[in-house]
Structure formats: structure tokens, C-alpha cells
């Protein structure tokens, strides 16, 4: 089955700095890569996603890049703000009927004001 | 976007009792729903896939007789934790796919005394 590795487990940055979270996946058939943000005690919320036919996608301060050859994808947050502090999960999935994503272990992002 | 609700948001029960958690897709139909368990500061662990009108599919290591899943309609799946014990205390989250995206419920915090 799919295996997703995520690094780092904890990331501490100063407000205004950039943050980068990296994930690798094992199954070359995976074709959909969402990123979720989870605040303490709340549900994971989709913040951005990318499909295997695209190398990069950007939404305001958030961007995701995908390298299919190397089987890794990354989340980039620029101009970080304290409200960006949360746990971020990457996931990889194969669209087979109702797809089931495999999640990374999560990255706890702390943005210091 | 699609909305998934979950009830109750938290529950405290005595050891040996059973607890039922409901997951509803509010504005879309879901033939499949997923149940996850999340321990503090850990990732989402898929427990089972709930299939409308048929038996649930359980992940390896998850006891199907302990975690009963019923998907009686296209908008409702229930998870019943039977004969709960303190080690079952956790955050349980359901999700349902809409197009290619997983939408999560707000989660249920179960505490077994």
C-alpha cells in the first residue's frame, strides 16, 4: 500500500518568515495530493491540493509543488502569521472509486509573533 | 462546499457501556464514509470504510465486533463503540468524499472512565 513520509514533525518560525513542509510517497500510481490544516480539537480542513498532471499550484500565501519523478511534494507558506499555527497533514491517494487518502504524520507549525 | 456533521461532539461514558457516534453528510450524498481515530499529537488512523447498503471494510487490527459500523442511508453512517474501555478514549473523526475531496466531520471526543 501507499506510504507517506512527512517532515519536519515540528516547525517553528518567526512571523513573516516562510515555512516549508515536505512529503514523499511510495506508490507511483498516486495522483491526488491534498494538504489539510488542523487546529487543536478541530476537524482537518483542506487548504490546497494538487493533481499529478500539475507541477505547482498557488493560492495567495500558500503554494504546493509536486515532483512526480522523485515522488515528493511540498507545501510552502509565505509571510507566515500567528493564525497559521496548526498541524498540517499531507496525503496521497489513488482515485479508484471512492479514494482513500494515506496521511503523513503531520507537522506542527508554530508561528511566533 | 460540502458539509459533514458529527454528533455528539464529546461524550463521557463508564467503562463497559456502548457509545454511538453519528456522521452525516448535510448537502450531498455519500455512498462511502470513512472513520478515523486520532490520538493526541498524532496523525489520522483509518479505522474502517463505511459502505451504504453493505458491510463495512475494516483496517487491519481494528476489531469489527468492537467498532460496529452501520451505513443505513446515503447521508448517515454510525460508529458504535461497544463495551468501551479507557484505552478507547480518543478523538474519532468521520469523513465523506465529495468529488475528489475528503470532507471531515468536526470529530467526537470520547472519554471512557
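Which order do B:10, A:35 fall in if you start with the one that has the fewest other Cβ atoms within 10 Å?
Working: B:10 11, A:35 23.
The most exposed by this proxy come first: B:10, A:35.
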Chain A shape via C-alpha gyration tensor axes, a/c threshold 1.5:
prolate
Backbone N under 19 Å from the residue A:60 label point (7 Å along Cα→Cβ), restricted to region A:66-108:
A:75-89
Whole-Å distance, taken between Cα centres, linking region B:25-97 and region A:9-49
23 Å
Per the C-alpha gyration tensor (a ≥ b ≥ c, the square roots of its eigenvalues), region B:70-113 is rounded if a/c is under 1.5, else prolate if a/b beats b/c, else oblate; here it's oblate
If A:56, B:87 are placed from fewest to most neighbouring beta carbons inside 10 Å, the sequence is B:87, A:56
Cut-off 10 angstrom, C-alpha nodes, Gaussian network model of chain B. Which of B:19, B:62, B:81 fluctuates the most?
B:62
Anisotropy class of region B:16-79 from Cα gyration tensor, a/c 1.5 cut
prolate
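Sort A:21, A:47 so that the residue with the fewest other Cβ atoms within 10 Å of its own Cβ comes first and the one with the most comes last.
Result, fewest neighbours first: A:47, A:21.
Only the coordinates and a few stated rules stand behind these numbers; no lab work does. Quick caveat, the model's predicted, so the values are computed rather than measured. Cβ coordinates were reconstructed from backbone atoms using ideal geometry, including for glycine residues, and neighbour counts include every protein chain displayed.
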